[in-house]
């Protein structure tokens with residue numbers, strides 16, 4: 001998810017330090033068998049991993065758009081990334097992981 005963006009825009013890479021374990025699931029090593037690939041997909045699509053992964057990817061996109069002076073006008077219901085962006089505090093603190 002968004003690996004090409006992290007290569008093209010290195011200033012986004014520090015977002016991976018929010019949760020190094022999550023980064024390892026988002027960008028696992030190459031899978032050489034169907035079973036390895038299935039295990040990687042299962043690990044990423046587990047709700048406790050998928051939601052924070054989407055959050056980190058959303059932050060990456062939000063930060064990239066902010067460098068282009070593009071900011072959300074409204075906050076859609078249930079969009080934590082947009083709420084954090086509108087607060088003006090992007091990058092100033094670590095987001096709280098809500099899943100257990």
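Checking each residue in segment 31-66 for being exposed (fewer than 13 other Cβ atoms within 10 Å of the Cβ) and touching a residue at least 40 places away in the same chain (Cβ under 8 Å) picks out 47, 48. Set side by side, the residues 95, 72 differ, and just one is assigned to a loop (DSSP other than H, G, I, E, B), at pLDDT 70 or above and either under 16 Å from the mean Cα position of the chain (by Cα) or surrounded by 10 or more Cβ atoms within 10 Å (Cβ to Cβ) (or both), which is 72.
For the criterion of being modelled with pLDDT under 85 and surrounded by fewer than 13 Cβ atoms within 10 Å (Cβ to Cβ), residue 88 passes.
In this structure, residue 12 does not satisfy being free of Cβ contacts under 8 Å to residues at least 40 places away in the same chain and assigned to a helix (DSSP H, G or I). Considering segment 11-26, and only residues there that are farther than 16 Å from residue 58 by Cα and at pLDDT 90 or above, the residue that is surrounded by the most Cβ atoms within 10 Å (Cβ to Cβ) turns out to be 25.
Residue 60: touching a helix residue (DSSP H, G or I) at 6+ places or on another chain (Cβ under 6 Å), part of a helix (DSSP H, G or I) and at pLDDT below 90, yes or no? When the stated conditions are applied, residue 60 passes them.
The values are calculated or read from the model by the stated rules, or taken from the named source; none is laboratory data. Since we're looking at a predicted model, the values are computed, not measured. Quick reminder, even Gly has a Cβ in these numbers, built from the backbone with ideal geometry, and neighbours come from all protein chains shown.
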